[in-house]
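The structure appears below as structure tokens.
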């Protein structure tokens, strides 16, 4: 496994790898856990070589967020990736990714609005910009993302369609099912911010979401079910709920009724120093 930090050797190495077949990219910000490794394992099923990028992207953090505190453990991450058979780690410096004078931004309207886009202004511009650069740098045939950040996945697919990206084209941007802890909490690097008490309380999130989904699929009032979900989180130890919404799974348009369309329940809530997000599938009448 090679670890590369500069663009020119990245390009020459990727060109050499491509002679063996398809290349899959798994973009990450490091602090790898089982969720990331699941993406790597899935990517290995579909490509001759897997490239993992590790870059804590400053453009997707706002001024009051945890950029400086975000865990950085490149050596440990690389050891994990080598065991998983990764061919290349692309770990650019900030200067390599955003050289002096950098002035370009990608903004994806529609799917980026509301939800995390409403609470974190500019966040998805930063995501779209860095992912577009990664696609052009690595030129992967496929790219793998976790479904835990459903809105991010929608933004990236929309960007790929709108900008006519062919490596990877939108249908080759693969969403991989969220990996969960035994108590149902979605794996996340931010779970490390939780105290032992907060970690136990955090399991309220998936339980409350499943209860709300059961009510919604049974035909109960959506607004009332979401209100009960929010109250369950506050009672269970969460400090606040940023949002709890039912959205169309593809367009992310808000849903007031559940018909036959694919839908997702999306939630963001704060506990201790962590802002936790999750989403789950909600089945319409014909699913």
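A few points about this structure:
- Residue in the stretch 253-267 that is within 30 Å of residue 69 (Cβ to Cβ), assigned to a helix (DSSP H, G or I) and touching a strand residue (DSSP E or B) at 6+ places or on another chain (Cβ under 6 Å) present: no
- Residue 142 falls short on exactly one of the conditions (1) closer than 19 Å to residue 124 by Cβ; (2) touching a helix residue (DSSP H, G or I) at 6+ places or on another chain (Cβ under 8 Å), and that condition is (1).
- Where strands (runs of 3 or more DSSP E) fall wholly inside the stretch 1-58, the ranges with 1 or more residues that are within 16 Å of residue 173 (Cα to Cα) and modelled with pLDDT of 95 or more are 23-28, 49-54.
- Assessment of the stretch 221-241 against the conditions (part of a loop (DSSP other than H, G, I, E, B) and within 30 Å of residue 43 (Cβ to Cβ)) yields no matching residue.
The values are calculated or read from the model by the stated rules, or taken from the named source; none is laboratory data. Computed from a predicted model, the values in this text were never measured in an experiment. Note that we place each Cβ from the backbone using ideal geometry, even for glycine, and neighbour counts take in every protein chain shown.
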